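Heads up: the structure comes next, in structure tokens.
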Amino acid sequence: MNISHPPRIQVLDPRVAAGIAAGEVVERPASVVKELAENSLDAGATHVTVELRQGGLEFIRVVDDGRGIQANQLEVAFARHATSKLTTMDDLDSLSTLGFRGEALPSIAAAGHVRLVSRTAHANAAFIEIEGGRTLAAGAGSSALGTSVTVEALFSAIPARLKFMRTSGAEAGRARQVIDHLVLACPHVAFTLVTDGRVALRAPGSGSLRDAVAAVHGVEIADAMLEITPSPQARYPAHGLTCSPSTSRPNRTAIRTFVNGRWVQSRALTAAVEQAYVGLLMEGRYPVSVVLLEVPPDQVDINVHPNKREVRFVHEGEAFSSVQRAVRDALLANVPVAATPHQPSRVEGRDTAATSPSFTFSLPPIPSVSAAQPLIDTAAAPALALDELRAGAAPLAGATMPRLRVLGQIANTYVVAEGADGMYLVDQHAAHESVLFYRLLRHWARGEPEIQPLLDPVPVPLTPAQQDAVAEALPTLAAYGFILEDFGDGTWLLRAVPAMSRAVPAEKMIEELLAEGVVHPHGATPSHWAMAASIACHSAVRAGQSLSDEEMTELIHAMETTADPSHCPHGRPTTIRVTTSMLERAFGRA
Ligand code: ADP
Ligand code: MG
């Protein structure tokens, strides 16, 4: 039993209360930067300059050329719940500003020492200085049109918060993220970020998203970004820019999603972008992507949390697929395809189908979208060290295959070939899988599946749950060539299969799709690329299967016309290159 007196319950001193509330809105220097810069944007600024020292812990200044604050309003701007952006409850539904709670300035002033100088078009400049929520000084100032807010000694009044701050470098990094998001959301606004006296970022405010991406990621990446345009089947239009699969990052920070012009943190939208790259990037690699989704305001709630910018959609699945489709379309339309000298580059369709009818993976060439593409990207395919090769970790980099001459097969699993600069070892299953995967996707994108009708429909017995799953997945299955029909009594009839799967027992494919969860009971709608990956995997030639010279040659040529033959849909490498110079070094010739 605890016999000590319980502590007395008291109403907090207003300054303490303000400090606690400030701690909520003003989590760290980056939140101050975000609130101040958003105020600048709300004020119609076309130029915003942000200056930081020690990650903002020592000094933050945000200067804008917006419409300013009248001298007699400076003090009230720092009062709690004081805002010019909202007067009635109805206004809440039609907000176009970034802020509206009227909490930022008082919270910041409660957390540090603030000096604000402002001038409107019609009056002289005035300033106010506040610390710990108390006005220290106010009066006439001098300033260009617009507002400048300086925050010093942030959190010195709230030591508890200081303890949670990481190094100033980490805080500067967070502030940089905030600016990156604003730059990408507002390409028409010129931003400058100066950290510890150095210009860390300069965005021109040209109105072009590509210029904004250049400011954030550099010109080289920006120039190579692919345009995202809305998919016709999508409920919500998605625009933006996304990288080709030759660019990637080890984490998700460069996947940025915006809804109605605001950066949002959304697992669903980030996953949608990631999934668009399935089969194009190695596992554990992530794209650089800026996706701008437009959603009618009544179908989305962006202000779930004042700082985190989480978002809720009325139709989350539709938001997901709108993004996933638009990004995938951009990739399929733009991924460069090797121009192969031995094939005419403008041939479409089956008329030039390869000449080996006995071979079930004969492939029509696809039109070349980038005839100027180098056959081999030597810069991206570094010379291999012997020990790397021994470790088996020397995949071919770069998105195109050079022309290769087949030499033979090893262990009935690897094709050996000679190319422009050395020897190539190709994993026959992974390579074929990659070829088939892209072929399926191309036909899916055109809405023209390659179908093999079955003379004798094959009965497939299904459990009730499996029947539900198959029924739901029917359109996707049909888009790849599986025609299924409910025969009653738990039996479905398979009337057609994807042409490339004709060598596989038909009912086995359906079993596999169900077993792998690609078509799953009580699941979300199946993703079509997962289905393509599964069909490709089961239709591809296996390891351990002996191939004729013709078959090997055909496989290698098919790789030359495939979007990214360097990886299979699961991200495993298809090809290992041993350069001539590496051989020379190994044999002591160099
Ligand atoms: P909110 O942005 O939610 O309205 P703030 O505390 O951030 O609340 O700002 C209070 C008010 O001060 C704003 O509504 C706006 O009228 C004015 N204000 C703040 N910053 C600026 C600025 N940079 N330029 C012009 N007005 C500003
Ligand atoms: Mg604000």
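The values are calculated or read from the model by the stated rules, or taken from the named source; none is laboratory data. Only a predicted model underlies this, so the values are computations on that prediction, with no experimental measurement involved. Note that we place each Cβ from the backbone using ideal geometry, even for glycine, and neighbour counts take in every protein chain shown. We work out accessible area using only protein heavy atoms, side chains counted, and drop any ligands, DNA or RNA first. Shrake-Rupley method; radii C 1.70, N 1.55, O 1.52, S 1.80 Å.
On the stretch given as region 477-500, residues that are touching a Phe, Trp or Tyr at 6+ places or on another chain (Cβ under 9 Å) and open to solvent by less than 40 Å² (accessible area, probe 1.4 Å) total 9.
Scanning region 126-146 for residues that are surrounded by 13 or more Cβ atoms within 10 Å (Cβ to Cβ), hydroxyl-bearing (Ser, Thr, Tyr) and more than 19 Å from Gly112 (Cβ to Cβ) turns up just one, Ser143.
Only one of the listed residues (Arg15, Arg80, Arg28) is over 30 Å from Leu184 (Cα atoms), modelled with pLDDT of 70 or more, of a type in the set (Lys, Arg) and open to solvent by 40 Å² or more (accessible area, probe 1.4 Å). That residue is Arg80. Does region 551-565 include one or more residues that are out of contact with any Ser or Thr (no Cβ under 7 Å at 6 or more places or on another chain), of a type in the set (Gly, Ala, Ser) and at positive phi? Looking for residues that are out of contact with any Ser or Thr (no Cβ under 7 Å at 6 or more places or on another chain), of a type in the set (Gly, Ala, Ser) and at positive phi, one finds none in region 551-565, hence no. Taking each residue of region 254-269 that is modelled with pLDDT under 90 and looking for partners that are in a strand (DSSP E or B) and open to solvent by less than 30 Å² (accessible area, probe 1.4 Å) with beta-carbon atoms closer than 7 Å, six or more apart or interchain, yields Ser266/Thr257.
When only residues in region 43-77 that are open to solvent by 80 Å² or more (accessible area, probe 1.4 Å), charged (D, E, K, R) and more than 18 Å from Leu105 (Cβ to Cβ) count, which is modelled with the highest pLDDT? The extreme case among them is Arg53.
Among the residues of region 539-587, write down those that are in a loop (DSSP other than H, G, I, E, B), aliphatic (A, V, I, L, M) and over 22 Å from Arg403 (Cβ atoms). I'd like the intermediate steps shown before the answer.
Here is the first cut: in region 539-587, the ones in a loop (DSSP other than H, G, I, E, B) are 540-548, 561-566, 568-572, 574, 579, 587.
Then keep just the ones that are aliphatic (A, V, I, L, M); that gives 540-541, 543, 547, 563.
Matches in region 539-587: Ala540, Ala543.
Quick check: is even one residue across region 277-287 assigned to a loop (DSSP other than H, G, I, E, B) and more than 30 Å from Leu436 (Cβ to Cβ)? No, region 277-287 contains no residue that is assigned to a loop (DSSP other than H, G, I, E, B) and more than 30 Å from Leu436 (Cβ to Cβ). Where helices (runs of 4 or more DSSP H) fall entirely within region 92-201, those with at least 2 residues that are within 16 Å of ligand 2 (Cβ to nearest atom) and modelled with pLDDT of 90 or more are at 168-185. Among the residues of region 182-232, write down those that are among the hydroxyl-bearing types (Ser, Thr, Tyr) and surrounded by 16 or more Cβ atoms within 10 Å (Cβ to Cβ). Selection gives Thr192, Thr195, Ser231.
Just so you know, in region 412-451 the residues that are open to solvent by less than 10 Å² (accessible area, probe 1.4 Å) and among the polar types (S, T, N, Q) include one that is modelled with the lowest pLDDT, and it is Ser434. Residues that are of a type in the set (A, V, I, L, M) and either open to solvent by less than 10 Å² (accessible area, probe 1.4 Å) or modelled with pLDDT of 90 or more (or both) are absent from region 567-577 altogether. Among the residues making up region 522-551, those that are at pLDDT below 85 and open to solvent by less than 50 Å² (accessible area, probe 1.4 Å) are Gly523, Pro526, Ser527, His528, Trp529, Ala530. For region 228-265, a residue qualifies if it is of a type in the set (S, T, N, Q) and part of a loop (DSSP other than H, G, I, E, B), and the qualifying residues are Thr229, Ser231, Gln233, Ser244, Ser246, Thr247, Ser248, Asn251, Asn260. On inspection, Leu454 fails the criterion of being more than 25 Å from Asn334 (Cβ to Cβ), touching a Ser or Thr at 6+ places or on another chain (Cβ under 8 Å) and either modelled with pLDDT under 90 or surrounded by 20 or more Cβ atoms within 10 Å (Cβ to Cβ) (or both).
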